[in-house]
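Shown next, in structure tokens, is the structure this report addresses.
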């Protein structure tokens, strides 16, 4: 199994005070925050407007012979590939939204082998040659941050009718805000992991500056 060490140097963790989730920690309280959750089910408000911007639900903690299903519902701004300009919030088309996935051990070593993440869109060979979402990894001493990495597959791909994630004008779990909704399936050997989403973080405010979010995953024999 190939691993690359993630070193978080000189950054402190503080408790998140706004939003819906008490189990979130912010690592780096600057332009591109990284969020660690202690729960596999998360709903939190990045903008402090009492509307959730991020919803994640892992459906079970399973074993290595089963796929783990994880649902994501993410407000447009969180995956906006362009700068936040104060007037319009992008991320509502396949051309201006991006989202990548990564997996680390509980000791924060990036893992790229012997695991697979996919969904029905990526499972089609006409859409992706190896039929899975290629994972992000970072060199030693580099944490999920700007600039947005060129490594790994963009999970938001497709067109208006068919895609890996789908865009909706209103999502109830996000306080009826517009956003992206999708499901992925994870296969991995038994172990303790953190499943990451990696974001463009090009903006200066709100969810547009988010660079990474992780949730814990436990897979048993």
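Going by the conditions given, is residue 58 more than 18 Å from residue 156 (Cβ to Cβ), surrounded by 22 or more Cβ atoms within 10 Å (Cβ to Cβ) and modelled with pLDDT of 90 or more? Before you say what the answer is, go through the steps one by one.
Working: more than 18 Å from residue 156 (Cβ to Cβ): yes; surrounded by 22 or more Cβ atoms within 10 Å (Cβ to Cβ): no; modelled with pLDDT of 90 or more: yes.
No, not satisfied.
When residues of segment 162-183 are filtered for being surrounded by fewer than 22 Cβ atoms within 10 Å (Cβ to Cβ), in contact (Cβ under 8 Å) with a residue 60 or more places away in the chain and within 23 Å of residue 120 (Cβ to Cβ), how many remain?
The total comes to 8.
For segment 197-221, which positions are surrounded by fewer than 21 Cβ atoms within 10 Å (Cβ to Cβ) and either free of Cβ contacts under 8 Å to residues at least 12 places away in the same chain or assigned to a loop (DSSP other than H, G, I, E, B) (or both)?
The answer is 202, 204, 205, 221.
The values are calculated or read from the model by the stated rules, or taken from the named source; none is laboratory data. Quick caveat: nothing in here was measured; it's all calculated off a predicted structure. Here the Cβ is made from the backbone with ideal geometry for all residues, glycine too, and neighbour counts use every protein chain on show.
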